[in-house]
Amino acid sequence: MNKRFRLAAALSAVALAVAACGDAPEEDGGDGATGGATDGATEGGGDFSACMVSDQGGINDRSFNETSYNGLVLAQEEGIIAEPKFAESQTDADYGPNVDAMVQDDCGIIVTVGFLLADATREAAEANPEEQFAIVDFQYVDDTGAPAPIDNVKPLVFNTHEAAFLAGYASAAHSTTGIVGTWGGAKIPTVTIFMDGFYDGVQYYNEQKGADVQVLGWDKATQEGQFVGDFANTGLARQISDNLISQGADVLHPVAGPLAESAAIAAQAAGNVAVVWADSDGFESAPDYGDVILTSVLKGMDQAVLAATQEAADDAFTNEPYVGTLENGGVGIAPFHDFDSTVTQETKDELAQIQEQIISGELVVESDAAFS
Amino acid sequence: MTDPKPPVDVAEEPPAPRQETFFQRFMRELTGGSILVTILSVVLALLIGAVLIAASDPDVQDRADYFFSRPGDTLSAAWSAISDAYGALFTGSIIDIDEYTVGRALRPLAETATNAAPLIAAGLGVALAFRAGLFNIGAEGQIILGAILAGYVGFGWHLPTGLHLIVGVLAGIVGGAVWGGVVGLLKARTGAHEVIVTIMLNYVARFLIAYLLTTTAFQRPGASNPVSPIVDDSAQLPRFFDDSRLHLGFVLVILAAFGVWWLLERSTMGFEFRAVGANPNAARTAGMSVSRTYVWVMLLAGGLAGLAGVMQVLGTERYLTSGISAGIGFDAITVALLGRASPWGTVAAGLLFGALRAGGVPMQASTGTPIDIIVVIQSLIVLFIAAPPLVRAIFRVPVRSAGQPVAGLQRGWGA
């Protein structure tokens, strides 16, 4: 009995396996969509292929990489490109191989995200002069710090300090304790540029209103401040946030990608503390924390990637840097959402006026990390 | 699990499990396993990986909705997802027959070797420490120190061709050796546990390199991001082919593996290492200096990990970033476990992990399979190999026959 059962089981297993294998080639031929990413071309979008290599944050980091990737998603929706390809780097050793794999895959444009990929991108660009590249958040410089463009790499950079200035002003106006705080993920220019702008925005408020709102966590003059050291240590991020709150800060501006969540959690726990999100509109990208998000400093990486992809697809690729500013809408601040009623009309009018003054050049916002 | 072996000479003596430390028992169980178990673990891990690939594939998910009306659809979609992914893994790590030139076709194999070289070097460091009864978790920090010194010689000094490379390589080895040697010294002098000390030193190394990359001595001129200058041509490990990144480091690492084998199996010092690893009290009674052994083992282990750092900075990457160690130091522990702490086993395990690292790249890029599958496969392999000995070590479960563990010990430690 037992033996017979075993035999039957074995036979049916074989039959199942045979059936599964037998169907496969037919099905493969009948429906191309099983083949992988490239086959998406036939279903929607154009036939230009765009690829992206991220740093160690994944495609769904709710921040830096995700916003950049959304640029390619937009491009697909607008019919500019086929389904985009994406490679996530797990360690620093993966950048070169990932970029190279995309070169092998005959991508029309390869977008690399973040300064960590700068050398891998340069190497691939110089080895493949026919290939087109765009790099988010990095501009090649020579030994003196002057721009040193590469023929087939388009830098996509952002003067986020202009937008952070507005957020700093709004935060100073919002604060009742007279203390606001900021902290960063790592001390790199793309982070400190937010903190510079935020700091200056608060100082401008003090100047205009004769107020004395303090900024904790960053000193623009000495370029020293509070940093987690990476973009992954949620425990330390929470601790820094709690420390700032206990020192009296009632507005926090974390510049640390996914770690901003820790600040939002700390703010929710403390009550009466607001957060200024960075990169994307946190009210939409992190709705769980909508009730504490005063506003967000927007960095339009999606728009920049979309623009670069459009340019490459139209055969109009240049290595001219794309510099996101308040003027071209590449950076900005998000609506106040839940805080809309608590921000006075006076402040809103002043912000609109400051924005105009920055665009016209009447008011100059400076940062060591700014792009020209 | 292990096939019966004729009892060897000491099998008559009763094993003394109560005097063993937990670590010794675990290592004995681990190294006693057969090669068949290793191979089957890899196969099983790949099979589970296949299930995960199928389950995470959007096509398969779509078709699973009507699985019971037409199961063939789901199964064929699963089959093509798995075969595409593993096909890309293979062409990315072994050979790409679609390429036109021999150089391009064999490039994946070279990429595997490139990835394997630092894994093997650091894995040898971990394995060597295992054999002397030390758990070296600090390969990551030792790699970073090796990379810092080798890198600094590479871009900070400008020496004649030939000499520059030699000095750079030696500096890296010394960097790692010092970082490891400190651990051995602390253990020998104060009895500080090497696991704690190595983990702490990993953090010290990590923040040290992050700090150094903000100083003018290390930061690339003109750059505001934390990256070092590119090392001079004269300090770079020469590459063998135009088409690939395979460099001289791979040869160095095979020589290092031979050196470790010779040390352990043919030299007096290696005998002392193994004796201390098997039973420090017996070794001390026999007149060996246990503390001196600890210092030497950790110096050599650190030097080997430092060599891995050399390969990263002078071979593949050619500049320093704070992530230069790329998790190799932690994968090295896995590699050493998989290689059952033997030099050639470590080489084989390093090649396997190198292949998974190399093949994972095109697998992700061309089929969209999540790269995390590779980590899952690596982890499963280790789990299958290390878990049974670990469970037995924790609960002190005896292996089938009484003579068996001792036979395993004899074979495993290669006396």
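Bear in mind that the values in this text are calculations on the coordinates, not laboratory data. Remember, it's a predicted structure, so these values are computed and weren't measured experimentally. No Cβ is skipped: glycine too gets one built from the backbone with ideal geometry, and neighbour counts run over all protein chains shown.
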Give me the distance in nm between label points sitting 7 Å out from Cα along the Cα-to-Cβ direction at A:ILE150 and B:PHE330, one decimal. 2.9
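Using only alpha-carbon positions, what ratio does the radius of gyration of chain A give when scaled by 2.2 N^0.38 Å?
1.17
Can you give me the relative contact order of chain B as a percent, contacts being Cα pairs under 8 Å and 6 or more apart? Walk me through the numbers on the way to the answer.
Values: 745 pairs, mean separation 132.3, N = 415.
Worked out over chain B, it gives 32 percent.
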Averaging over all projection directions, find the projected area of the Cα convex hull of the protein assembly as shown and quote it in nm² with one decimal place. 39.7
Of A:THR182, A:THR67, A:THR318, which is the most mobile in a GNM of chain A whose springs link Cα atoms less than 10 angstrom apart? A:THR318
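Could you sort the peptides A:71-78, A:305-312 by per-residue average Cβ neighbour count (10 Å cutoff), highest mean leading?
Details: A:71-78: 20.0, A:305-312: 23.4.
Taking the mean over residues of other Cβ atoms within 10 Å, the ranking is A:305-312, A:71-78.
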Of the range A:171-206, those with amide N under 20 Å from the point 7 Å along the Cα→Cβ vector of B:PHE207 are A:183-188
May I ask for the angle, rounded to the nearest 10°, between helix A:234-246 and the longest principal axis of chain A, with both axes built from Cα atoms and the value confined to 0 to 90°? 20
Computed over the Cα atoms, what is the radius of gyration of chain B divided by 2.2 N^0.38 Å, N being its residue count? 1.06
Could you work out how far the C-alpha centroid of the range A:340-369 sits from that of the range A:255-316, in angstrom? 19
Positive-end extreme of charge dipole, chain B - chosen from B:TRP296, B:LEU163, B:TYR86 (charges on Cβ): B:TRP296
Which distance in Å, rounded to a whole number, links the C-alpha centroids of the range B:343-378 and the range A:188-251? 41
Once you have the alpha carbon radius of gyration of the range A:41-158, what is it after dividing by 2.2 N^0.38 Å, with N set to its residue count? 1.02
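Based on DSSP, what percent of beta bridges with both residues in the protein assembly as shown are antiparallel, to the nearest 5? List each step's numbers first, then the result.
Details: 7 of 44 bridges.
If we restrict to bridges inside the protein assembly as shown, about 15 percent are antiparallel.
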Would you mind giving the average projected area, over all directions, of the Cα convex hull of the range B:58-148 in nm² with one decimal? 10.7
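Mind checking A:98-105 for the average number of partner chain beta-carbons within 10 Å of each residue's beta-carbon? Don't jump to the answer; show the numbers that get you there.
Numbers: counts 6, 2, 6, 9, 4, 1, 9, 3.
Per-residue shielding by partner chains comes out at 5.
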Report the one residue of B:ASN281, B:VAL347, B:VAL313 whose Cα lies farthest in the direction of the positive end of the charge dipole of the range B:252-372 (charges on C-beta: Lys and Arg +1, Asp and Glu -1; origin at the Cα centre). B:ASN281
Packing-ranked peptide list from B:166-175, B:253-262, highest mean Cβ count within 10 angstrom first, is B:166-175, B:253-262
Give the average, rounded to an integer, of partner chain Cβ atoms located within 10 angstrom of each Cβ in B:278-290. 0
I'd like the orientation of helix A:2-30 relative to chain A: the angle between its Cα long axis and the longest Cα principal axis, in ° from 0 to 90, rounded to 10. 70
Nearest 500 deg cm²/dmol is fine: what mean residue ellipticity at 222 nm does chain B get from its DSSP H runs of n ≥ 4 alone, each adding -39,500 (n - 2.57), divided by its residue count? -23000 deg cm²/dmol
Around A:LEU298, which amide H atoms from residues at least 5 apart in sequence, or from another chain, sit under 5 Å from its own amide H, with H modelled in the peptide plane? A:GLY332, A:ILE333, A:ALA334
What residue among B:ALA387, B:ALA122, B:ALA132 has the largest mean-square fluctuation in a Gaussian network model of chain B, using Cα springs under 10 Å? B:ALA387
Gap separating the Cα centres of the range B:47-63 and the range B:201-246, nearest whole Å: 40
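Starting with the highest mean, order A:84-91, B:92-99, B:271-278, B:216-223 by the number of other Cβ atoms within 10 Å, averaged over the residues of each peptide.
On the way: A:84-91: 23.4, B:92-99: 16.5, B:271-278: 21.5, B:216-223: 14.9.
Ranking the peptides A:84-91, B:92-99, B:271-278, B:216-223 by packing returns A:84-91, B:271-278, B:92-99, B:216-223.
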Below 8 Å between Cα atoms, with a sequence gap of 6+, how large is the relative contact order for chain A in percent? 17
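Using a simple charge model, +1 on the beta-carbon of Lys and Arg, -1 on the beta-carbon of Asp and Glu, nothing else, what dipole does the range B:120-347 show about its Cα centre, in debye to the nearest 20?
Working: 13 positive and 10 negative charges, 121 e Å.
Computed about the Cα centre, the dipole is about 580 debye.
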Helix A:118-127 sits off the longest principal axis of the Cα atoms of chain A, rounded to the nearest 10 on a 0 to 90 degree scale, by 50
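If a/c stays under 1.5 just call it rounded; otherwise compare a/b with b/c (prolate if a/b is bigger, oblate if not). Do that for the range B:120-347, with a ≥ b ≥ c from the square roots of the Cα gyration tensor eigenvalues. Before the final figure, lay out the partial values.
On the way: a/c = 2.23, a/b = 1.62, b/c = 1.38.
Prolate, because a/c is 1.5 or more and a/b exceeds b/c.
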Under 24 Å, Cα to Cα: Lys pairs in the protein assembly as shown, sequence gap 8 or more or different chains: 9
Residues meeting the amide H criterion for A:GLY324 (H placed from the backbone, H to H distance under 5 Å, 5 or more places apart or on another chain) are A:VAL157, A:PHE158, A:ASN159
Hey, can you grab everything whose amide H is under 5 Å from the amide H of B:LEU134? Only 5+ residues off in sequence or another chain; H modelled, so Pro and N-termini drop out. none
Mean other chain Cβ within 10 Å across A:175-184 is 0
Selection from A:GLY58, A:ALA120, A:GLY108, by position along the positive dipole direction of the range A:41-158 (Cβ): A:GLY58
By DSSP, what percent of the beta bridges with both residues in the range A:41-158 are antiparallel, rounded to the nearest 5? 5
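Where in chain B are the DSSP H helices whose C-alpha atoms run 18 Å or more along the long axis and whose mean Kyte hydropathy is at least 1.6?
Values: long enough: B:35-56 (32 Å, 2.82); B:71-93 (33 Å, 0.32); B:102-131 (41 Å, 0.82); B:139-156 (24 Å, 1.29); B:163-190 (39 Å, 1.52); B:194-212 (26 Å, 1.63); B:249-266 (24 Å, 1.72); B:290-310 (30 Å, 1.40); B:343-367 (35 Å, 0.69); B:372-395 (32 Å, 2.11).
Flagged H segments are B:35-56, B:194-212, B:249-266, B:372-395.
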What is the dipole size for the protein assembly as shown, taken about its Cα centre, with +1 at each Lys and Arg Cβ and -1 at each Asp and Glu Cβ, in debye to the nearest 20? 5920
Vicinal HN-Hα couplings computed from phi for the range A:197-204 (Karplus, 6.51 cos²θ - 1.76 cosθ + 1.60; Hz; Gly/Pro x): x, 4, 4, 5, x, 5, 4, 5
